[in-house]
Amino acid sequence: MVKYATMPVIETRNLTYTYPEAAKASIVDVSIRIEKGEFVLITGPSGCGKTTLCRCFNGLIPHFYHGTLEGEITVAGLNVKEHPTYEMAKYVGLVFQNPENQLFALSVEKDVAFGLENLGVPRDEIRSRVDWAMKITGIYELRERAPYELSGGQQQRVAIASVLAMKPDVIVLDEPTSFLDPLGAKKIFEVIHRLNRELGITIVLVEHRLDLTVKYADHIIIMQDGKVILEGDPHKILDSEDMRLIGVGIPKVTRLYQLLKADGVKFHGKVPLSPEEMAEKVRRILKTHD
Amino acid sequence: MSMFDGLKYRRVFSPIHNLDPRVKFTYACIIFIVAILFWEFIPLLVLFVIQVPFVILARVRREWLRSMKGAAFLASVIFTVNFAVSFINSGYMITFVALEYALAMTFRFLVLVESFSIFFLTTSPDHLGLALEQTRVPYEFCFAFTTAVRFVPVLAEEAQTIMDAQKARGLELEKGNFLRRIRNYIPILIPLIVSAIRRSLELAEAMESRAWGVSKKRTNLYELKLHGSDYVLLTVTVVLLVAAIYVRLYLPVPRLAEIFDYFAH
Amino acid sequence: MIEVQDLHFTYPSGVEALKGISLKIEDGEFVAIMGENGAGKTTLVKHFNGLLKPTKGRVIVNGIETTKVSVATLARKVGFVFQNPDHQLFAETVEEEISFALRNFGFSPSVIEKRVTWALNLLGLMQYRKTSPFMLSGGERKRVALASVLAWDPEILILDEPTIGQDYQQKENLRQFIMQLRTQGKTVLVVTHDVEFVAECNPRVLLMRGGKLIADGAARKVLTDPEILAQSSIVPPQITQLFIELSSLGFPSDIIDLYEARETLLKAFGAAAK
C-alpha cells in the first residue's frame, strides 16, 4: 500500500520528560515521526516509557502532570506545549487501559456525547455524531445501558466511540485490551483496524502482545528504558536477528520462521507476522520441491 | 431491608418514567404540602389511596411494596408514640381523638414515603442529573452527582474483592474484642482508599482527554422539555393543591368520631 | 487433593454462575482454568479456599468439606493470589505486607522472620524489604502479592489471571517460577485466558463456558480440538493456527509447541526435498 508521506501527524524531536520529583527521566531523547493514516504499534517491556509517551501526544504531559518536558513535540500541526489538553482533544483521542475508569455517565450515549458537550457542539450535531460513532463501533444497540452493566470489551468500545465522536485525526490506545478476554480483544483490534482503513484515522496502539496486533501495523516503535531502540516497518524490524527483540516477545510464528531460517531453510519474501503468512511460506516451499 | 430499598432506580419503560423529573418532583413536594395541611385521618387516607394508580401505571409495584414494608416499622413507632402520648394526656382513656391523631400522623408519614418513592423509583439518576443541570445548578455539581451514582456499584464490588483477598490471607473480621474488630478493617480500608484515589486520578485524566474544562458554554445531548402528559400532571397537582386549601379553609373535614356516630345511629 | 461434586452456585443477585461441575485435581497437578469472562472461572476457584460455599453439591479439599471450616482454616492449605495486587497491599513496608498472613495464622515471631526472608529471596525482593509497597512498579507489586501468599507455604496455589498486563519477560519469569513450584510437589491452579502462556506451560486445561465444564484434558488436546474450539471463545495458539491452516497438506493440527513445530516442518521440508 502506498503511503503519501507528506505531513507527519505526530512529530517529536529529542523529547525528554521527567515526572515531578522523579529521580530520572521516563522518556529520553525520543525523536519519532508518525505519518497521517498510519497504524503504529508501540511496544516494549513494562516501565519502558510507552504510557508516558502517549500522555505527551494530547498534552496531558506537560499540562496535567507538570514535570519537565524538553525537546519539541508537534501533533496535528500544533505545538503541544502551547495548547492545553482540551484543545488537543479535538485532534487526538486517548483510550486508556482500564475501561472502568474512563466512563463517567449513566448511559452509553451520554458518555459518547461527553466530549462534544464540553466543546459546546449544537445538540443536533451531537446526536448525529454520537449515533454515527456508536454504529461504527458496534454499540448502537447498547446506547441506553449503564456502563457498569456492560462487559469489559463493550465498555472499551464505548471508550473508543467517545473519542471517535470528536472526529480526531489520531486515536491513541494505551494497552486497551489487557483486561479483556481473547474474543473481546479481537473485536477491539478489528474495530480500530477499520477506523484506520476506512476512515483514514491514524492509530497509535500501545501493546505487549505482538502476536495479536503486529499484523495490522505499518510502523512499529520499540522502546526500552525510555528510549526508542528500534523503529520502522514491522516486516523489516522483526526480520532482524537483533537480540533486543528477544525481550519484546515476538509472535510465535515469526519466532518459528527465525528458527527455521537458522536451520538453513530458504524462505522467500518478507518475514511472516501471522499464522496465515507463515502458512503461505510453508506451502510455497513444499510446492517448489514438488 | 430498609425503606431506602424502595428508592433504588430500576430501568422500566412506563408513562410515569417518561414524565419530566422536575414535574414529578413538584408533584411529590405538593403532595407533601397537602399532607401537612391536614391532621384528620380521612383526607390523608384519600391522599394515600389516590397515589396507588400511579404506582400501578409505573409498573414498580414490587419495589414500592418493598419500600412501604420498609417504612412499616417506623410507621408503627410513629403510631405508638402518638397514641401513647394522647392516651396519657387524656387521662388514660382511649378516645377517638387520640386514635385519629395517631392514625393521621402515621399516614402523613406514609404519604410522604409513597410520593417520594414514586419519584425516585421512576426517575433515572441520569434524568435527575439533567434536571439539576437545567435548573441551573453548576455543572460541576451535577457531574459529581451522576459520577458518584455511577461508581457506587463499582466500589461496592471492589470492596467485596478486597475483603475476599484479605480473607484469603487469613484475616478474620469477626475475631477479637470491639477495638480489635475495628482494627481488622484497616487492611480493607487502605486498599479501598488507595484504589479510589488511583481511580479518581485516572478519571481526571480521561476527562481532560475529552475536553473537560473548555470555558465555552456546555451543550447537552438531552434536553428536558415539557410534553402533554407533563402538563396534565402539573395541572392535576395544582388543582389538588388549590382544592386542598379550599377544603381546609371553607369546608368541614369529617372526623373519625363523627363517622362513627353517624353509623352508630 | 481437590474434589468437586456436582457443584452449583447462585449469587444472591440470582445469577447462576456454576451449573453442575464435577472434577478432581490430584496433588502436584498443574491446571489452567480457561474460558471467556463470565464463564465462572473465578467463582469456581473461590470455592477451593471457602470464600464461596456451594449452593448445591460439595467441594472437598484435602479430605475436608469446605462448608465445615472457616476460610482462614482452608486458606492455610490453599493460597489464593488475586488478579490485582492493589486489592490486597496495605502495609507500610514490603516486609510487613508479607508477614501479615503469617501473623493471622499465628506463627511465632522467629518463624515469621525466617519465612519473610525466605519469601523475599524467592521473588527477588530483598532490596525492597523496608520499602512501601505503594512505591513499587506494577510488576513488583504483583511479586509482593505473590510473596505474601507463598510465605506461609500453602500446598495448593491459585493464581487468578497472573499474566494480565505483564510483558514477555515477566511472563517468562512467572512460568519458570511455576515450574520450580511444581518440582516441590505443589498443586498449581492458574485462572487465565492467555492461550500463548498456556501453550508454553502445557498444563492440564479445564475449559469452562456458561458455568459448565466443557473440556478437561491436556493443553495440547483441548487447545487444538476443532470441536471444542468451535463451541468456546478460545482463539487457538499461533502455532496451532498455523497447523490448522496447513492441515489440508496432511500436517497434524494438534501441535502447540514451538520446537515441535520446528521439527515437524524440518522433517516435511526434508522429505519434500528428496
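The values are calculated or read from the model by the stated rules, or taken from the named source; none is laboratory data. Quick caveat, the model's predicted, so the values are computed rather than measured. Neighbour counts run over all protein chains shown; Cβ positions are idealised from the backbone, glycine included. All accessible areas refer to the heavy atoms of the entire protein, side chains included, with ligands and DNA or RNA removed. Shrake-Rupley method; radii C 1.70, N 1.55, O 1.52, S 1.80 Å.
Taking the stretch B:208-223 as the region of interest, how many residues are crowded, with 17+ Cβ neighbours inside 10 Å and more than 7 Å from chain A (Cβ to nearest Cβ)?
Residues flagged as crowded, with 17+ Cβ neighbours inside 10 Å and more than 7 Å from chain A (Cβ to nearest Cβ) within the stretch B:208-223 amount to 1.
Within 22 Å of B:L37 (Cβ to Cβ) and open to solvent by 50 Å² or more (accessible area, probe 1.4 Å): does that describe B:F79? Don't jump to the end; show me each part of the working.
On the way: within 22 Å of B:L37 (Cβ to Cβ): yes; open to solvent by 50 Å² or more (accessible area, probe 1.4 Å): yes.
Answer is yes for this residue.
Does C:A101 count as within 11 Å of chain B (Cβ to nearest Cβ), in contact (Cβ under 8 Å) with a residue 24 or more places away in the chain and touching a Pro at 6+ places or on another chain (Cβ under 9 Å)?
Taking the combined requirement at face value, the residue does not satisfy it.
Let me confirm something: among B:I162, B:I193, B:I188, which residue is open to solvent by 60 Å² or more (accessible area, probe 1.4 Å), within 14 Å of chain C (Cβ to nearest Cβ) and more than 30 Å from B:W39 (Cβ to Cβ)?
On inspection, the qualifying residue turns out to be B:I193.
What pairs come out if I take residues in the stretch A:123-138 that are in the same structural domain as A:Q154 (by TED's automatic domain parsing) and pair them with residues that are outside any helix (DSSP H, G or I) and open to solvent by 50 Å² or more (accessible area, probe 1.4 Å) whose C-beta lies under 6 Å away, six or more apart or interchain?
The qualifying pairs are A:M134/A:R143.
Just checking, how many residues over the stretch C:130-180 are surrounded by fewer than 20 Cβ atoms within 10 Å (Cβ to Cβ) and under 14 Å from C:V78 (Cα atoms)?
The total comes to 2.
Report those helices (runs of 4 or more DSSP H) wholly inside the stretch C:158-253 carrying at least 3 residues which are of a type in the set (A, V, I, L, M, F, W, C) and outside the structural domain of C:K24 (by TED's automatic domain parsing).
Because the criterion is at least 3 residues that are of a type in the set (A, V, I, L, M, F, W, C) and outside the structural domain of C:K24 (by TED's automatic domain parsing), the helices (runs of 4 or more DSSP H) in the stretch C:158-253 that meet it are C:238-245.
Mind checking which residues of the stretch C:213-254 are facing chain A (nearest Cβ under 9 Å) and closer than 21 Å to C:G20 by Cβ?
C:S233 - this is the single residue of the stretch C:213-254 that is facing chain A (nearest Cβ under 9 Å) and closer than 21 Å to C:G20 by Cβ.
Tell me the strands (runs of 3 or more DSSP E) entirely within the stretch A:1-86 that contain at least 2 residues that are open to solvent by 40 Å² or more (accessible area, probe 1.4 Å) and more than 14 Å from every other protein chain (Cβ to nearest Cβ).
A:8-18, A:27-30, A:68-75
For the stretch C:1-26, name all the residues that are part of a loop (DSSP other than H, G, I, E, B) and either modelled with pLDDT of 95 or more or not assigned by TED's automatic domain parsing to the domain that holds C:T224 (or both).
Kept after step one, since they are part of a loop (DSSP other than H, G, I, E, B), are these residues of the stretch C:1-26: C:1, C:11-15, C:26.
Listed by number, the list holds a single entry, C:E26.
Are there any pairs with C-beta distances below 6 angstrom linking a residue in the stretch A:88-109 that is in the same structural domain as A:D131 (by TED's automatic domain parsing) to a residue that is acidic (D, E) and open to solvent by 10 Å² or more (accessible area, probe 1.4 Å), with the two at least 6 apart or on different chains, and if so which?
A:Y91/A:D169; A:F96/A:D174; A:Q97/A:D174; A:Q97/A:E175; A:N101/B:E202; A:L106/B:D126; A:S107/A:E144; A:S107/B:D126
Here are A:E241, A:E277, A:E231: which of them is open to solvent by 20 Å² or more (accessible area, probe 1.4 Å), in contact (Cβ under 8 Å) with a residue 24 or more places away in the chain and either within 18 Å of the chain's Cα centre (by Cα) or more than 14 Å from chain C (Cβ to nearest Cβ) (or both)?
A:E231
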